[in-house]
Amino acid sequence: MKIFPAELVKAIDQYTIANEPIASIDLMERASMAVTSKVMELYPESNQEFSIFAGSGNNGGDGLAIARMLSQQGYRTQIYFIQTTPSTTSDTAINLGRIVPSENLTIETLKPEAVIPYVTPETVIIDTLFGSGVNRPLDAFNKHMVEYINDSGCTIISVDLPSGLMAEDNSTNDPDAIIRADYTITLELPKLALLLPENEQYVGELSIVPIGLHPKALEGFPSNMHFITNEMASKMLYKRRKFAHKGTFGHCYLIAGSQKMLGAAILSSKACMKTGAGLLTTHIPAGLQTALNIAVPEVMIDQDSNTECFTQYSSITNYDAIGVGPGLGTNTTTIATLAQLLTDARRMPMVIDADGLNILAYNKELLKTLPKFAILTPHPKEFERLAGSWNNDIEKIERLYQFAKEHSAYIVLKGAHTIVASPDGRLWFASVGNPGMATAGSGDVLTGIILSLLGQGYSPEEASILGVHLHGLAGDIAAKEESQEALIASSIVDSIGRAFKFLWEIRNL
Ligand SMILES: NC(=O)C1=CN([C@@H]2O[C@H](COP(=O)(O)OP(=O)(O)OC[C@H]3O[C@@H](n4cnc5c(N)ncnc54)[C@H](O)[C@@H]3O)[C@@H](O)[C@H]2O)[C@@H](O)CC1
Ligand SMILES: [K+]
């Protein structure tokens, strides 16, 4: 699924109207129906009361239609229609005309000088003041309205975007003039701002509802940003051939763990095997082989001559892919050995994580020797050490584009909505995953998954995207079963199988 800027979303709406064809008021009705269904899913009890704050743009038009629909479903609904600009859009005017006040549905028009009425905290507020049409910070009256809603103590559901949030860059926005929603229900397409960590406080829980925009426009309009969906990930899966043998699925080489951090090697190894690698050899310091073998009997072991850390490796010619970094430490000899490995493995698929990245960050000349299309999997702090700091998430994305291009590498920037950046300037945002996955060892599991895919012949692009998606799906499955709190890295590994099954079911639909 592509992520489009607000102007293109508007153009896609227009294309749909012209080519489906459908009257714009009917598209608004369809969008409002989709949002209403989602609201009813969140609040199935019809004794829930709603207050809808509607602006005079088309987002407000959605709000008026949603109010009508909720009241028809038996919910008591109060509309506050805000008239700050003299021009109400034509579809919003039509929806205003469709409001027939009743016991369940009341409407009050608020003008700039109006006193904002009191809303009890039990009421759920549906925020349709502004949608994608905002291109500057809200004016004083609307800011006042936003502050009132934010301070109301009510649960807030924003439609399309939290009002006041601009669809892309908010670096010049006024943080107090943006709704802080508990839920954002966005129409058909995720907007960039909804996926950025700095806007988490405004967006709350994000859901995307299809409104039937024209498939030709969705396919044909260009964008270099994508949202990774189940369908997209499932299409990437390679079928395992009947006459395959373990050699068919690659021989992976994982260099991980040190005396103090063997767990990282164990978690990465397990994840690598669970993701389908044919063979895995894990390189660890001398003396740790029994512990690793008990934890992961499937793995073959390559021991270092040193008992503390990574100081040498055997020939790499037999391997199909290399993963390096989890729990490695940053010992001086380890740095020199990694430098040698980068030169030796010039043409090999490689994923680098954790201390591997720290070594690169503190020895930047090594970045010049990265194998082409190496995958780097930093969390934001590690990426900052590698690429420098940023002032906001839009700048961070710029940094990602530049860094991936400059080093011909795929960057997997971990976080909520992990971002994969390709060297040719494309980005993919993760759609799955949960805060329970912010736990020790979670990144080691991702490295193992990506290594496994590389070893099986997936391209670096496929391995990054599919790896991120499998990891997030497995985390979501684990969180559903055990809660986000109880989720540990091993729970993610244990759920990789179900993540695969889920994707295969979608593929075979
Ligand atoms: N046919 C369509 O285009 C559809 C649009 N839909 C809805 O329409 C929305 C977009 O509608 P609009 O383009 O009318 O935009 P908005 O509803 O966001 O409203 C924009 C209005 O606010 C004014 N405005 C912008 N920034 C302001 C500021 N800082 N302070 C005060 N006023 C400001 C603008 O001049 C404009 O009058 C979407 O978010 C979505 O909810 C849906 O109904 C689906 C179909
Ligand atoms: K809104």
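The values are calculated or read from the model by the stated rules, or taken from the named source; none is laboratory data. Quick caveat, the model's predicted, so the values are computed rather than measured. Cβ coordinates were reconstructed from backbone atoms using ideal geometry, including for glycine residues, and neighbour counts include every protein chain displayed. Side chains are part of the model used for accessible areas, which takes the heavy atoms of the whole protein and leaves out ligands, DNA and RNA. Shrake-Rupley method; radii C 1.70, N 1.55, O 1.52, S 1.80 Å.
At the residue level, residue 49 shows approximately 80 square angstrom of accessible surface with a 1.4 angstrom probe and all protein chains present. In this structure the chain gives 42 Å² per residue of accessible area when probed at 1.4 Å with all protein chains present. Taking a ≥ b ≥ c as the square roots of the Cα gyration tensor eigenvalues, segment 9-90 comes out oblate, since a/c reaches at least 1.5 and a/b does not exceed b/c. In this view, the solvent-accessible surface of residue 389, computed with a 1.4 Å probe and all protein chains in place, comes to about 70 Å². When shorter helices are ignored and each DSSP H run of at least 4 residues is given -39500 (n - 2.57), the per-residue value for the chain at 222 nm works out to -12500 deg cm²/dmol. Dividing the radius of gyration of the alpha carbons in segment 310-436 by their Kirkwood radius gives 0.97 for Rg/Rh.
Accessible area of residue 504, 1.4 Å probe, to the nearest 10 Å²? For residue 504, the solvent-accessible surface is approximately 60 Å².
Based on the alpha-carbon gyration tensor of segment 80-164 and its eigenvalue square roots a ≥ b ≥ c, which shape applies: rounded if a/c is under 1.5, prolate if not and a/b is larger than b/c, or oblate? Rounded. Give me log10 I(q)/I(0) at q = 0.35 Å⁻¹ for segment 357-396, Debye formula, one equal scatterer per alpha-carbon, no solvent. Summing over Cα pairs of segment 357-396 leads to -1.20. Straight-distance candidates among the lysines for linking to residue 372, with alpha-carbon spacing under 20 Å and chain neighbours fewer than 8 residues away dropped: 364, 405. In a DSSP loop and with at most 12 other Cβ atoms within 10 Å, the GluC sites (Glu not before Pro) in segment 80-127 are 103, 113, 122. Sites listed here are GluC sites (Glu not before Pro) in segment 455-509 whose DSSP assignment is loop and whose Cβ has at most 14 other Cβ atoms within 10 Å: 485. Roughly how many Å is it from the Cα centre of segment 338-363 to that of segment 62-100, as a whole number? Cα centroid to Cα centroid, the span is 58 Å. The loop-placed trypsin sites (Lys or Arg not before Pro) in segment 319-416, going by DSSP, that have at most 16 neighbouring Cβ atoms within 10 Å of their Cβ come out as 346, 347, 372. Within the accessible surface of the chain, defined with a 1.4 Å probe on protein heavy atoms only, the carbon and sulfur portion equals 52 percent. For residue 283, nonlocal amide neighbours, meaning residues 5 or more places apart or on other chains whose placed amide H falls under 5 Å from its own, are 254, 255, 256, 302. Whole-Hz Karplus values for segment 225-240 come out as 10, 10, 10, 6, 9, 4, 4, 4, 5, 5, 5, 7, 4, 8, 6, 7 Hz, taken residue by residue from phi with 6.51 cos²θ - 1.76 cosθ + 1.60 and θ = phi - 60°; glycine and proline positions read x.
Between residue 114 and residue 509, the FRET efficiency estimated from the beta carbon spacing at R0 = 41 angstrom works out to 0.20.
Projected over all directions and averaged, the alpha-carbon convex hull of segment 243-508 occupies 13.7 nm². The alpha-carbon of residue 246 sits under 14 angstrom from the alpha-carbons of these aspartates and glutamates, leaving out residues fewer than 8 places away in its chain: 298, 320. The magnitude of the dipole of segment 292-368, with charges of +1 and -1 set on the Cβ of Lys/Arg and Asp/Glu and taken from the Cα centre, is near 340 debye. Positive end of the dipole of the chain (Cβ unit charges, origin at the Cα centre): among 102, 31, 118, the Cα lying farthest that way belongs to 31.
Only one residue of 256, 181, 222 has its Cα farthest out toward the positive end of the dipole of segment 161-282, where Lys and Arg carry +1 and Asp and Glu -1 on Cβ, and that residue is 256. Dipole magnitude for the chain: computed about the Cα centre from +1 point charges on Lys and Arg Cβ and -1 point charges on Asp and Glu Cβ, it is near 1860 debye. Each label point was placed 7 Å from the Cα along the Cα-to-Cβ direction; for residue 174 and residue 219 their separation is 4.5 nm. Within straight-line reach of residue 501, meaning a Cα separation under 19 Å, sit the following lysines at least 8 residues removed in sequence or on another chain: 235, 239, 242, 270, 274, 480. Dipole size of segment 424-494 about its Cα centre, with +1 on Lys/Arg Cβ and -1 on Asp/Glu Cβ: approximately 100 debye, rounded to the nearest 20. Could you tell me whether the chain comes out rounded, prolate or oblate from its Cα gyration tensor? Rule is a ≥ b ≥ c as square roots of the eigenvalues, rounded for a/c under 1.5, then prolate if a/b exceeds b/c, otherwise oblate. In terms of gyration-tensor shape, prolate.
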